[in-house]
Amino acid sequence: MEPRVTLITLGVSDLQRSIGFYADGLGLPLSSASGDDVAFFRTEGTVLALYPRHLLAKDCGVPDDGRGFSGIVLAHNVREPHQVDEMLAEAARAGATIARPAGEAFWGGRTGCFADPDGYLWEVAWNPGLPLGPDATMTLP
């Protein structure tokens with residue numbers, strides 16, 4: 001398998017509300033949407049897809065009982081420390097719930113978390129060891 005994640009699909013309870021949150025609230029570019037079926041947002045290197053939760057559960061062959069923490073947190077890294085606070089404020093204005101306010105991380109960066117209208121957790125982080133940009137390289141331990 002090649003080391004690549006090309007698409008992340010979130011099962012959402014209200015597709016139109018979620019499209020509004022991600023497109024209008026957070027400013028993600030909506031690539032395409034098919035009525036009440038699916039929506040795609042192109043990001044740098046990955047596509048974020050929204051799909052009705054009950055259909056996604058059925059497609060994967062699992063129950064749609066929504067029990068607790070799924071063990072998944074999506075991440076959005078920013079270029080500057082102050083952008084963590086700005087992104088969390090933008091998410092809150094769009095209707096997100098702040099799960100953890102911005103603060104200094106034990107590993108030397110700045111981070112905070114929010115939950116989208118369906119409860120999906122997003123970490124917003126500035127990591128001095130993860131430079132962003134076309135020429136950036138990341139050193140892993």
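No value in this document is a laboratory result; all are computed from the given coordinates. These figures come from a predicted structure and were not determined experimentally. Quick reminder, even Gly has a Cβ in these numbers, built from the backbone with ideal geometry, and neighbours come from all protein chains shown.
Between Leu48, Val84, Ala105, whose Cα lies farthest towards the positive end of the dipole of the chain when Lys and Arg beta carbons carry +1 and Asp and Glu beta carbons carry -1, centred on the Cα centre?
Ala105
State whether the range 1-61 is rounded, prolate or oblate according to the following rule on the C-alpha gyration tensor (a ≥ b ≥ c being the square roots of its eigenvalues): a/c under 1.5 gives rounded; otherwise a/b larger than b/c gives prolate, and the remaining case gives oblate.
Cα axes put the range 1-61 in the oblate bin.
Using packing as a proxy for protection, rank 123-131, 56-64 so that the peptide with the highest average count of other Cβ atoms within 10 Å comes first.
Ranking, from highest mean packing down: 123-131, 56-64.
Limiting things to C-alpha atoms, what are the Rg and the maximum Cα-Cα separation (Dmax) for the chain, in angstroms?
Rg and Dmax of the chain, Cα atoms, are 15.8, 45 Å.
Multiplying the sequence separation of Ile72 and Leu130 by 0.36 nm and subtracting their Cα-Cα distance, what value in nm do you get?
That works out to 18.9 nm of additional length.
Rounded to the nearest 0.05, what FRET efficiency do Phe106 and Thr46 give with R0 = 35 Å and r taken as the Cβ-Cβ distance? Could you check?
With R0 = 35 Å, the Cβ-Cβ based efficiency is 0.80.
What is the sum of charges around Ala49, taking Lys and Arg as +1, Asp and Glu as -1, for the other residues whose C-beta is under 13 Å from the C-beta of Ala49? Could the numbers behind the result be given before it?
Working: positive: Arg42, Arg53; negative: Asp37, Asp59.
For residues surrounding Ala49, the net value is 0.
Helix 82-94 versus the longest principal axis of the chain: what angle, 0 to 90°, nearest 10, using Cα atoms?
Relative to the chain, helix 82-94 is tipped by roughly 20 degrees.
Expressed as a rounded percentage, what relative contact order does the range 70-141 have, with Cα pairs under 8 Å and six or more residues apart?
34
Need one number: nm distance between label points at Arg93 and His54, each 7 Å from Cα along Cα→Cβ, rounded to one decimal.
According to this spin-label approximation, the distance is 3.5 nm.
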